[in-house]
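Below is one structure, written out as structure tokens; the observations come after it.
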Amino acid sequence: MRLLFSFAPRPRQRAPGMAAAAVAAAAALMAGCAAGPDYALPAPPPGADLPAFKESSLWQPAMPGQAGSEAGAPGSAWWKAYGDPALDALVEQANQANQSLRQAEAQYRQAQALVQGARASFFPTVGLAASAGRGRSISDGVAAEGNSHAWSLQASWEPDLWGSVRRSVEAAGDNAAASAFDLAAARLAVQAAVVNGYLQLRLADAQKALYADTIAGYQKALALTQAQQRAGVATRADVALAQSTLAAAQAQAVDVDLTRRQLEHALAVLLGQAPAAFTLEPAPLAAALPLTPPGLPSELLQRRPDIAAAERRAAAANASIGVAQAAWFPSLTLSASGGYQGSGFGPWFLTPDRVWALGAALAATLFDGGARSAQVEHARAGFDAAAANYRQTVLAGFQEVEDNLAALGDLAQEEIAQQEAARAAHVAEQVLLAQYRAGTTIYSAVIAAQTQALAADRALLQVRGRQFAASVALIKAAGGGWDASAPAQQAAPAVSSSSPTHE
């Protein structure tokens, strides 16, 4: 049930002075307080104020004046800390051409447009209407035909007495800020994917070089075994073992080549290109692990764009409570119209034909079956969900940092042990091969040593690949080079010249 009270004075030639007073009174009412609770930042989960991360002791942060590159500083091109110009060029290309970033940028512009649309409710709506017609009427048996014309200018305005529009604008602005942070998070994710993909591809190049050297050595060992068989020193089984070892290494080399091809295809898509149009020539790994000071848990809340986006969505959900609560109060609509109305198709602007009207309507809902209560409860539950999502995002961020801090610390120790294992395996291979040439050992011992040496070398490269992956993940988890001082400006740069534009 909705009650509507309206007031509209009869048309007159001149508006009374009370109209201006009514408009002024309505404007004064707009200064009232907005419905709904004012926003308060949801309390972060326990541990956000700790002095250090749990696993920070496993990581050696960069010191002032210490040699080496440093990554993870806010506002920095963090990928340059790896020291590879080819990588720098690929990241810059992805920043300009990645389609996921273009999608996120368009969504940010959509959110900005919604803010402008919400602000439009602060202003009156003005319309223009005009009509002309010819009709026939009968009165007392006498038919008459005549022309008529009319035009009018109408305006209506609903003052924001209870803050519904203000809360709507607030919610739209918070959602737009969250969209800006989403764009920053998408950019950071794309940059991290490019860096990690490139580093893993270069490690695949290193594995290909390892297998090329290994296969060359196995071919020499096969030739030696075949020569010794002809001399009656080696057996046919020794030759078969050498052939089997060579073929297995060649098969593994093909598998490494497949991995490299797939990494190259993935890089092409990240750069906004079709895989057929992108080729990255093999090259040695020129990157080095950067020094990445992880900072404090409290800094993570300020630097990670996904955490900032979750917090802004909680603020938008809080504003939506005010919008729902404002529906409990009556609405006031002020209207005004003026124009000319007359008969015939003669002059349309004659003073005797002038008409005007002023009106005000006050409407209130008395019974809605609980619909407004349900909307308020829905909005409150939405805020609770957004606040929980914010805390969960914070916890996930802490976990990512802790995981990668632990990984880098343990992998550094694993690399040292694996280097020693590879060195010892090569020594054993060389000694056994020399003994085989001298005829003092069997060839199966040489095969075992060669297999062990290859496995140790490959394991060392895999450890280094995991180190680079953990390094990239740590920088991403710590917020990368995102600058919290100007999120919207950094999150929504100008669209590149290759992007579609709309007039």
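Quick one: count up the residues across segment 258-289 that are open to solvent by 70 Å² or more (accessible area, probe 1.4 Å), out of contact with any helix residue (DSSP H, G or I) (no Cβ under 6 Å at 6 or more places or on another chain) and more than 25 Å from Leu188 (Cβ to Cβ). Break it down into steps so the answer makes sense when it comes.
First pass over segment 258-289, keeping only residues open to solvent by 70 Å² or more (accessible area, probe 1.4 Å): 258, 261-262, 265, 269, 276-277, 279, 281-282, 284, 289.
In the following step, the residues that additionally are out of contact with any helix residue (DSSP H, G or I) (no Cβ under 6 Å at 6 or more places or on another chain) were identified as 258, 261-262, 269, 276-277, 279, 281, 284.
With the extra rule that they be more than 25 Å from Leu188 (Cβ to Cβ), the set shrinks to 258, 261, 276-277, 279, 281, 284.
Going through segment 258-289 one residue at a time, the tally reaches 7.
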Using the structure shown, decide if Ala180 is assigned to a helix (DSSP H, G or I), open to solvent by less than 10 Å² (accessible area, probe 1.4 Å) and at pLDDT below 95. yes
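Which residue, of Val446, Val401, Val394, is within 30 Å of Gln250 (Cα to Cα) and in a helix (DSSP H, G or I)? Write out each step before concluding.
Values: Val401 fails: within 30 Å of Gln250 (Cα to Cα); Val394 fails: within 30 Å of Gln250 (Cα to Cα).
One residue alone meets the criteria, Val446.
Confirm whether Gly197 is exposed (fewer than 12 other Cβ atoms within 10 Å of the Cβ) and either in contact with an Asp or Glu (Cβ under 9 Å, 6 or more places away or on another chain) or of a type in the set (Ser, Thr, Tyr) (or both). Walk me through how you get there before you give the answer.
Numbers: exposed (fewer than 12 other Cβ atoms within 10 Å of the Cβ): no; either in contact with an Asp or Glu (Cβ under 9 Å, 6 or more places away or on another chain) or of a type in the set (Ser, Thr, Tyr) (or both): yes.
When the stated conditions are applied, Gly197 does not pass them.
Just to be sure I understand, how many residues within segment 376-420 are closer than 30 Å to Trp328 by Cβ and of a type in the set (S, T, N, Q)?
1
Only one residue in Arg391, Arg372 is of a type in the set (Lys, Arg) and open to solvent by less than 50 Å² (accessible area, probe 1.4 Å). Which one? Can you show your working first?
On the way: Arg391 fails: open to solvent by less than 50 Å² (accessible area, probe 1.4 Å).
The conditions single out Arg372.
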When you go through (1) in contact (Cβ under 8 Å) with a residue 24 or more places away in the chain; (2) not in a helix (DSSP H, G or I) one by one for Thr279, which number turns out not to apply? (1)
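Can you say whether Ala212 is surrounded by fewer than 19 Cβ atoms within 10 Å (Cβ to Cβ), out of contact with any Asp or Glu (no Cβ under 6 Å at 6 or more places or on another chain), without any contact (Cβ under 8 Å) to a residue 40 or more places away in the chain and aliphatic (A, V, I, L, M), as far as the supplied structure shows?
Working: surrounded by fewer than 19 Cβ atoms within 10 Å (Cβ to Cβ): yes; out of contact with any Asp or Glu (no Cβ under 6 Å at 6 or more places or on another chain): yes; without any contact (Cβ under 8 Å) to a residue 40 or more places away in the chain: no; aliphatic (A, V, I, L, M): yes.
Answer is no for this residue.
Gly141: buried (at least 18 other Cβ atoms within 10 Å of the Cβ) and on the phi > 0 side of the Ramachandran plot, yes or no? Before you say what the answer is, go through the steps one by one.
Numbers: buried (at least 18 other Cβ atoms within 10 Å of the Cβ): no; on the phi > 0 side of the Ramachandran plot: yes.
In short, no.
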(1) small (Gly, Ala, Ser); (2) out of contact with any Asp or Glu (no Cβ under 6 Å at 6 or more places or on another chain); (3) over 30 Å from Arg437 (Cβ atoms); (4) assigned to a helix (DSSP H, G or I) all hold for Ala315 apart from (2)
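If we keep just the residues of segment 57-108 that are more than 27 Å from the chain's Cα centre (by Cα) and part of a helix (DSSP H, G or I), which is modelled with the lowest pLDDT? Explain how you work it out, then say what you get.
Restricting attention to segment 57-108, the residues satisfying the condition of being more than 27 Å from the chain's Cα centre (by Cα) are 57-68.
From what's left, part of a helix (DSSP H, G or I): 57-58.
Values: Ser57: 56, Leu58: 47.
Restricting to residues being more than 27 Å from the chain's Cα centre (by Cα) and part of a helix (DSSP H, G or I), the top hit is Leu58.
Please state which one of Arg167, Arg187 is buried (at least 24 other Cβ atoms within 10 Å of the Cβ) and farther than 18 Å from Arg304 by Cα.
Within the list Arg167, Arg187, the selection yields Arg167.
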May I ask you to list the residues in segment 238-274 that are among the charged types (D, E, K, R) and under 17 Å from Thr214 (Cβ atoms)? Asp255, Asp257, Arg260
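Determine whether Arg202 is in contact with a Pro (Cβ under 8 Å, 6 or more places away or on another chain) and surrounded by 14 or more Cβ atoms within 10 Å (Cβ to Cβ).
yes
Identify all residues within segment 116-131 that are open to solvent by 70 Å² or more (accessible area, probe 1.4 Å) and farther than 24 Å from Pro159 by Cβ; write none if there are none.
So in segment 116-131, the residues open to solvent by 70 Å² or more (accessible area, probe 1.4 Å) come out as 116, 119, 123-126, 128, 130.
Across segment 116-131, the qualifying residue is only Ala130.
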Tell me, yes or no, whether segment 228-239 has at least one residue that is open to solvent by less than 40 Å² (accessible area, probe 1.4 Å), touching a residue at least 60 places away in the same chain (Cβ under 8 Å) and outside any helix (DSSP H, G or I). yes
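It is to be established whether one or more residues within segment 138-155 are assigned to a helix (DSSP H, G or I), β-branched (Val, Ile, Thr) and either without any contact (Cβ under 8 Å) to a residue 40 or more places away in the chain or under 29 Å from Leu289 (Cβ atoms) (or both).
To start, the set of residues in segment 138-155 that are assigned to a helix (DSSP H, G or I) comprises none.
The answer is no; no qualifying residue exists.
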On the given criteria, is Trp348 surrounded by 13 or more Cβ atoms within 10 Å (Cβ to Cβ) and at pLDDT below 80? yes
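Hey, among the residues in segment 410-427 that are charged (D, E, K, R), open to solvent by 80 Å² or more (accessible area, probe 1.4 Å) and farther than 18 Å from Ala445 by Cα, which one's modelled with the highest pLDDT? Full working, then the answer.
Looking only at segment 410-427, we keep the residues that are charged (D, E, K, R), and these are 410, 414-415, 420, 423.
Filter once more, so that each one left must be open to solvent by 80 Å² or more (accessible area, probe 1.4 Å): 410, 420, 423.
Retained after the next criterion (residues that are farther than 18 Å from Ala445 by Cα): 410, 420.
Numbers: Asp410: 92, Glu420: 96.
Looking at residues that are charged (D, E, K, R), open to solvent by 80 Å² or more (accessible area, probe 1.4 Å) and farther than 18 Å from Ala445 by Cα, I get Glu420.
Check segment 355-364 and report whether any residue there is at pLDDT below 85 and touching a Gly at 6+ places or on another chain (Cβ under 9 Å). I'd like the intermediate steps shown before the answer.
Of segment 355-364, the ones at pLDDT below 85 are 355-356.
Next, from what is left, pick out any that are touching a Gly at 6+ places or on another chain (Cβ under 9 Å): 355-356.
Looking for residues that are at pLDDT below 85 and touching a Gly at 6+ places or on another chain (Cβ under 9 Å), one finds at least one in segment 355-364, hence yes.
The values are calculated or read from the model by the stated rules, or taken from the named source; none is laboratory data. Treat the numbers as computed from the prediction; the structure is a model and nothing was measured. For neighbour counting, all protein chains shown are included, and Cβ atoms are generated from backbone atoms with ideal geometry for every residue, glycine included. These accessible areas exclude ligands, DNA and RNA; they are computed on the full protein's heavy atoms, side chains included. Shrake-Rupley method; radii C 1.70, N 1.55, O 1.52, S 1.80 Å.
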